[in-house]
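What follows is one structure encoded as structure tokens, with my remarks underneath.
The values are calculated or read from the model by the stated rules, or taken from the named source; none is laboratory data. For clarity, every value in this text was computed on a predicted model and none was experimentally measured. Ideal geometry is used to build each Cβ from the backbone, glycine not excepted, and the neighbour counts take in all protein chains shown. What goes into the accessible areas is simple: the full protein's heavy atoms, side chains included, and nothing from ligands, DNA or RNA. Shrake-Rupley method; radii C 1.70, N 1.55, O 1.52, S 1.80 Å.
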Amino acid sequence: MRSGNPALSESTFLDLGSGTVSARGDQVMTLNGTVNKTGLLLLLTVLTASFSWSQALVTGGETAGTLSSAGMGYLIGGALGGFVLALITVFKKTWSPVTAPMYALVEGLFLGAVSAVFEQRFPGIVFQAVLATFGTLVALLVAYRSGLIKATENFKLGVVAATGGIALLYLASIVLGLFGINVPMIHEASGLGIAFSVFVVIVAALNLVLDFDFIESGVEQGAPKFMEWYGAFGLMVTLVWLYVEFLRLLSKIQQR
């Protein structure tokens with residue numbers, strides 16, 4: 001049960017004490033329950049994203065259209081808060097019924113501010129990114145359920161390796177950025193930069209397949225009921241990543 005999503009490790013659905021699933025009866029994880037909780041997390045994200053969107057930009061004067069102090073707070077606070085809550089959820093899975101909704105609310109603040117900035121520079125890009133994200137989600141879910149895409153061990157290994165490589169490259173970019181050095185293929189709208197963003201979008205999308213497979217495995221094994229929240233949280237992590245990467249890709253294409 002390997003997943004490129006760091007929130008869904010190999011032992012996610014296993015009891016930490018005995019290595020076996022411990023839930024029984026009506027206290028087991030179900031697919032419908034996970035779907036419903038994913039929908040709730042999406043709703044919470046949209047609510048706070050709408051709020052931060054409305055507050056993110058300066059609306060008057062010579063600085064109109066720039067990120068406001070409140071917007072900067074939502075951007076940085078949402079990113080850091082989401083990261084901290086994600087770590088807490090990963091290490092304290094039993095807390096996921098509380099931390100997963102909190103993650104969605106905080107991440108929404110970040111996404112709203114980011115989306116407002118992109119929309120100001122490239123009108124219409126947010127709608128395109130949202131459409132592309134959910135279109136990809138539906139298409140891959142259909143492909144997975146129909147058996148067109150199967151999460152074989154080799155498939156999982158390839159996606160995990162690619163995800164890890166991207167994470168290391170982004171980390172290196174952040175460190176180099178502290179010294180004023182930019183990695184062109186990540187930040188620039190060159191042909192190589194667009195090709196790199198396309199690759200990242202593909203890898204992020206393929207992580208959805210692994211997430212579907214992972215959640216289905218948890219349901220089949222009778223994982224504890226709280227894992228519905230954790231499974232929904234893991235899927236949200238991938239969807240947030242995919243959405244942000246679509247924004248980056250579309251912005252590079254429009255710059256060209």
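Couple of notes before you dig in:
- Test: residue in the range 89-98 that is within 24 Å of S217 (Cβ to Cβ), touching a residue at least 40 places away in the same chain (Cβ under 8 Å), more than 16 Å from the chain's Cα centre (by Cα) and open to solvent by 80 Å² or more (accessible area, probe 1.4 Å): yes
- Among the residues making up the range 29-47, those that are open to solvent by 80 Å² or more (accessible area, probe 1.4 Å) and under 17 Å from M102 (Cβ atoms) are L43, V46, L47.
- Only one entry in E107, E119 is assigned to a helix (DSSP H, G or I), open to solvent by less than 40 Å² (accessible area, probe 1.4 Å), over 16 Å from V203 (Cα atoms) and among the charged types (D, E, K, R), namely E107.
- L75 vs. criteria over 15 Å from V237 (Cβ atoms), under 17 Å from the mean Cα position of the chain (by Cα) and open to solvent by less than 70 Å² (accessible area, probe 1.4 Å): yes
- Given (1) of a type outside the set (V, I, T); (2) over 24 Å from S68 (Cβ atoms); (3) at pLDDT 95 or above; (4) open to solvent by less than 20 Å² (accessible area, probe 1.4 Å), index of the condition K156 fails: (3)
- Residue tally, condition under 30 Å from E216 (Cβ atoms) and part of a helix (DSSP H, G or I), over the range 141-188: 23
- Residue selected from the range 51-72 under the condition touching a residue at least 60 places away in the same chain (Cβ under 8 Å) and touching a Leu at 6+ places or on another chain (Cβ under 8 Å), by the criterion most open to solvent (accessible area, probe 1.4 Å): F51
- Which listed residue is open to solvent by 10 Å² or more (accessible area, probe 1.4 Å) and in contact (Cβ under 8 Å) with a residue 40 or more places away in the chain, from V200, V240, V175, V209: V240
- Test: residue in the range 125-132 that is assigned to a helix (DSSP H, G or I) and more than 25 Å from Q254 (Cβ to Cβ): no
Rundown of residues vs (1) at pLDDT 95 or above; (2) hydroxyl-bearing (S, T, Y); (3) assigned to a loop (DSSP other than H, G, I, E, B), yes/no style:
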{"site": "L210", "(1), (2), (3)": "no, no, no"}
{"site": "I215", "(1), (2), (3)": "no, no, no"}
{"site": "G218", "(1), (2), (3)": "no, no, no"}
{"site": "W229", "(1), (2), (3)": "yes, no, no"}
{"site": "F233", "(1), (2), (3)": "yes, no, no"}
{"site": "V240", "(1), (2), (3)": "yes, no, no"}
{"site": "Y243", "(1), (2), (3)": "yes, yes, no"}
{"site": "F246", "(1), (2), (3)": "yes, no, no"}
{"site": "L250", "(1), (2), (3)": "yes, no, no"}
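- In summary, W229 fulfils each of the numbered conditions (1) under 20 Å from A79 (Cβ atoms); (2) within 16 Å of the chain's Cα centre (by Cα) with the single exception of condition (1).
- One residue stands out in the range 129-153 among those that are hydroxyl-bearing (S, T, Y) and under 28 Å from L111 (Cα atoms): the one that is least open to solvent (accessible area, probe 1.4 Å), namely T133.
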